[in-house]
Amino acid sequence: MRWRRISFLVLNLALIGLMIKAGFWQLDRATQKQAILDRGAQTQALADTDALWQQSAEELSLKTVQLIGELDVSKIWLLDNKVHQGEVGYEVLLALTPSDSEKRDKRILVNLGWVSGLGDRQRWPDLSRLEAWQGTVAVAGLLHQPNLGFQLGDEPLSDTWPQRLQGLDMDKLAVFYQQQGWSLSPAVLRVGPDQDIGFVKEWPLITMTPAKHIGYAWQWFLMALVSTGLFFWFYQRGGLYAKK
């Protein structure tokens, strides 16, 4: 029947179009990742720490900064499902209050790095080292723009600590701190690997190289080309009912 051939044509064209679109998406991701690497290779120090609460996370990202202040060890955020060398754990984040008296109403989240989840979600990770970092501390590192990523649903914040987070929703966290009279920076400070403070601190700029994205792009384009060839071969042979 003619309608079968038309349906077959539309379906195949749609699939081929999706493959081509996926290929160009991978090329776009490769361009984005290369831009991140280029920016990372030209890291600049943040000239004025006031910018932490005046600029966007995108503007602050990949700039280095050094701060002196107090870490709030009473409110511990645990960023869930973080893997290090095949082991699942958490990234530990605390809010830092700058020592500058003019910034006592300001806060910035400091990522102290990865800790093991101990293979048991019924237990909290070993956070005993936090006691050594109470009081005034100096922290330095790279500013990071958090990526919320995929979320299964809305994650309400509570007032019980430590508190697990599936992702860093900076808008929601900003509201949380605003309700306590504090202004939260949209960027997160990842403590540098050379700092004494912190847990496991490995901060790759990207998780997938531009070359790998380009490789995936060519795979999609090749699949689209093969699918196109097979489609024409099948169609010319009168697939889904032979021509009369």
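The values are calculated or read from the model by the stated rules, or taken from the named source; none is laboratory data. Being a predicted model, the structure only gives us computed values, none of them experimental. Cβ atoms come from the backbone with ideal geometry, glycine included; neighbour counts cover every protein chain shown. With ligands, DNA and RNA removed, areas are computed over all heavy atoms of the protein, side chains included. Shrake-Rupley method; radii C 1.70, N 1.55, O 1.52, S 1.80 Å.
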Worksheet, complete the sentence: Every listed condition ((1) open to solvent by less than 40 Å² (accessible area, probe 1.4 Å); (2) touching a helix residue (DSSP H, G or I) at 6+ places or on another chain (Cβ under 8 Å); (3) of a type outside the set (S, T, N, Q)) holds for MET208 save (1)
Discussion item. If I ask for residues that are over 20 Å from VAL65 (Cα atoms), open to solvent by less than 10 Å² (accessible area, probe 1.4 Å) and under 15 Å from the mean Cα position of the chain (by Cα), which ones from region 79-126 would you list?
Written reply: ASP80, TYR90
Discussion item. Out of the residues in region 120-167 meeting the condition of being farther than 22 Å from VAL88 by Cα and of a type in the set (Gly, Ala, Ser), tell me which one is modelled with the lowest pLDDT.
Written reply: SER158
Worksheet item: Picking from LEU46, LEU67, LEU71, which residue would you name as being more than 30 Å from TYR235 (Cβ to Cβ), in contact with a Pro (Cβ under 8 Å, 6 or more places away or on another chain) and not polar (S, T, N, Q)?
Response: LEU67
Item to complete: Starting from region 10-24, keep only residues that are more than 14 Å from VAL226 (Cβ to Cβ), then list their pairs with residues that are at pLDDT below 90 and not hydroxyl-bearing (Ser, Thr, Tyr) whose Cβ atoms are within a distance under 9 Å, requiring at least 6 positions of separation or different chains.
Response: LEU13/PHE231
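Please enumerate the residues belonging to region 51-61 that are more than 21 Å from the chain's Cα centre (by Cα) and open to solvent by 60 Å² or more (accessible area, probe 1.4 Å).
Going residue by residue through region 51-61, those that are more than 21 Å from the chain's Cα centre (by Cα) are 51, 54.
Within region 51-61, GLN54 is the sole residue that qualifies.
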Worksheet item: Could we say that GLU131 is within 17 Å of ASN81 (Cα to Cα), in contact (Cβ under 8 Å) with a residue 12 or more places away in the chain and acidic (Asp, Glu) here?
Response: no
Worksheet entry | Qualifying residues in region 181-193 (those that are closer than 22 Å to LEU127 by Cβ and part of a loop (DSSP other than H, G, I, E, B)) - the one most open to solvent (accessible area, probe 1.4 Å) | PRO193
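Evaluate the following for ALA187: is it closer than 17 Å to TRP53 by Cα, in contact with a Leu (Cβ under 9 Å, 6 or more places away or on another chain) and in contact (Cβ under 8 Å) with a residue 40 or more places away in the chain? First the steps, then the outcome.
Numbers: closer than 17 Å to TRP53 by Cα: yes; in contact with a Leu (Cβ under 9 Å, 6 or more places away or on another chain): yes; in contact (Cβ under 8 Å) with a residue 40 or more places away in the chain: yes.
Judged against the criteria, ALA187 is a match.
Does ILE197 satisfy the criteria of being within 30 Å of THR31 (Cα to Cα) and in contact (Cβ under 8 Å) with a residue 12 or more places away in the chain?
no
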Worksheet item: If only one of PHE199, PHE231, PHE221 is modelled with pLDDT under 90 and either aromatic (Phe, Trp, Tyr) or touching a Ser or Thr at 6+ places or on another chain (Cβ under 7 Å) (or both), which one is it?
Response: PHE231
